[in-house]
Every structure is written in C-alpha cells, then in structure tokens.
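The values are calculated or read from the model by the stated rules, or taken from the named source; none is laboratory data. None of the values given here were measured: they were computed from a predicted structure. Please note: Cβ atoms are built from the backbone with ideal geometry, for glycine as well, and neighbour counts cover all protein chains shown. Calculation scope for accessible area: heavy atoms of the full protein, side chains included, ligands and nucleic acids excluded. Shrake-Rupley method; radii C 1.70, N 1.55, O 1.52, S 1.80 Å.
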Amino acid sequence: MFHPITIPFEAVMLSNVVKLKDGVSVDDAELALGEMCNVVKNTYGNEEGGFIAGQVFKFSGFVSEEGSFDDEKKSDDHLLIVTYWKSFDQHEHSHADHVFKEKFSALAELCDETYELGYELLWQGDPEDE
C-alpha cells in the first residue's frame, strides 16, 4: 500500500482537487476515498484498464511564497488525488464505468467542489549518484 511508484515517461497524470464541505473532515471522507481508490486499483490496474499508480495528498497549510502568486489559494483546504494512466482515453473509460461512478458519487456527496485536470509528462528526473 505504501511503497515507491515508478511512472513511465509516456504516462498521463490526472490531478483531482477535492474540496470537502465545511464540517466534513478527512477522517469523514476516508472510507469513501479508500473504496474509490481500491476500485480503480483493482479494476483498472491491468493492460486493458491502463491505471499505473496513484497518490492522495492532504493540503497541510504550507504555501511556497517563492512559487505562489495567488493569495486566494492559500486558504483552500482540500485533498489532491493524483493518478497516472497509460492514456487519457483509458482514464475516461474507467471513470465512465458505473462501478467507479457509484464510489465517486459517495465521495462527491461530501464535497463542495471537485475538478480533475489532465497533464502530459514533459520532464522527470532525480539526482544522479556521485
């Protein structure tokens, strides 16, 4: 469950911002989030499904003053669901499936807003060993 992931250069990444309703905690959303992530991993994590890996992040309140310019975003409390896929079409096919929609709708009921943006990988790297 908690191990390093390897992302192939040809992958696409989908970033889903999930803003919980006032009074809804991450703990409140944990079951719905976990069930949704398990459906993706267990159903679409094959060659046909195209799911490569995923991560879920909780906004922790720290904001880079050096890399930020929109003061409005500094107070947004949210979760970030990041998934990696072999293709955008495979992502869309999986999310159109009724099993996924059922699990996602349970999470969406706890949210004021959710939106998902897709990205193509342009660069990746790590420090070279000396």
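For ASP129 and THR43 in one chain, what is 0.36 nm times their gap in residues minus the Cα-Cα distance, to one decimal in nm? Walk me through the numbers before you get to the answer.
Values: separation 86, 0.36 × 86 = 30.96 nm, distance 3.72 nm.
Full-extension gain reported as 27.2 nm.
Pull up all non-local amide H partners of LEU20: gap of 5 or more, or a different chain, and H-to-H distance under 5 Å with H placed in the peptide plane.
LEU79, ASP112
Magnitude of the Cβ-charge dipole of the stretch 1-113, K/R +1 and D/E -1, about the Cα centre, nearest 20 debye?
Details: 9 positive and 22 negative charges, 72 e Å.
Taking the Cα centre of the stretch 1-113 as origin, the dipole is about 340 debye.
Sorted by accessible area with a 1.4 angstrom probe, largest first, how do TYR115, TYR84, TYR44 fall? Present the calculation step by step, with values, prior to reporting the outcome.
Details: TYR115 80, TYR84 40, TYR44 15 Å².
Largest accessible area first, the residues go TYR115, TYR84, TYR44.
Could you work out the relative contact order of the chain, using alpha carbon pairs under 8 angstrom and six or more residues apart, expressed as a whole percent?
Values: 171 pairs, mean separation 60.6, N = 130.
With pairs under 8 Å counted, the relative contact order is 47 percent.
Once phi is turned into ³J(HN,Hα) by the Karplus curve 6.51 cos²θ - 1.76 cosθ + 1.60 with θ = phi - 60°, what whole-Hz value does each residue of the stretch 15-25 show in order, with x for glycine and proline?
Karplus-based 3J(HN,Hα) across the stretch 15-25 equals 10, 10, 8, 10, 9, 6, 5, 4, x, 9, 9 Hz.
Would you mind telling me which residue in SER25, SER94, SER64 has the biggest mean-square fluctuation in a Gaussian network model of the chain, where springs connect alpha carbons within a distance under 10 angstrom?
Looking only at SER25, SER94, SER64, the largest GNM fluctuation is found for SER64.
So what are the ³J(HN,Hα) numbers for the stretch 81-87, from phi and the Karplus equation (6.51, -1.76, 1.60; θ = phi - 60°), rounded to whole Hz, Gly and Pro as x?
Couplings: 9, 10, 10, 10, 9, 5, 8 Hz.
Set Lys and Arg Cβ to +1 and Asp and Glu Cβ to -1, take the dipole of the chain about its Cα centre, and tell me which of ALA29, ALA11, PHE59 lies farthest positive.
So the residue we want is ALA29.
Among rounded, prolate and oblate, which fits the chain when a ≥ b ≥ c are the square roots of the eigenvalues of its C-alpha gyration tensor, a/c under 1.5 means rounded, and a/b larger than b/c means prolate? Don't skip to the end; give the middle numbers.
Details: a/c = 1.78, a/b = 1.03, b/c = 1.73.
Taking the square roots of the gyration eigenvalues as a ≥ b ≥ c, the chain is oblate.
Around ALA96, what is the net charge, scoring Lys/Arg as +1 and Asp/Glu as -1 over all other residues with Cβ under 14 Å from its Cβ? Mind showing how you got there, number by number?
Working: positive: LYS101, LYS103; negative: ASP89, GLU92, ASP97, GLU102, GLU116.
Once positives and negatives cancel, what remains is -3.
Helix-derived [θ] at 222 nm for the chain: sum -39500 (n - 2.57) over DSSP H runs of at least 4, divide by residue count, nearest 500?
Details: 3 runs with 39 residues, N = 130.
Result for the chain, helices only: -9500 deg cm²/dmol.
In terms of the Cα gyration tensor, with a ≥ b ≥ c the square roots of its eigenvalues, is the stretch 12-71 rounded because a/c is under 1.5, prolate because a/b exceeds b/c, or oblate? Could the numbers behind the result be given before it?
Numbers: a/c = 3.39, a/b = 1.48, b/c = 2.29.
The shape class here is oblate.
From the phi of every residue in the stretch 89-98, what ³J(HN,Hα) in whole Hz does the Karplus formula 6.51 cos²θ - 1.76 cosθ + 1.60 yield, where θ is phi - 60° and glycine or proline is x?
Values per residue, Gly and Pro as x: 4, 5, 4, 5, 4, 5, 7, 7, 5, 4 Hz.
Between LEU121 and LYS21, what is 0.36 nm times their sequence separation minus the Cα-Cα distance? Round to one decimal in nm.
32.8 nm
Please say if the stretch 84-125 is rounded, prolate or oblate, where rounded means a/c under 1.5 for a ≥ b ≥ c the square roots of the C-alpha gyration tensor eigenvalues, and otherwise the choice is prolate for a/b larger than b/c and oblate otherwise? Show your work: numbers first, answer last.
Values: a/c = 3.31, a/b = 1.63, b/c = 2.03.
Verdict is oblate for the stretch 84-125.
Ignoring ligands and nucleic acids, what accessible area does LYS103 show with a 1.4 Å probe (Å², nearest 10)?
Approximately 50 Å² for this residue.
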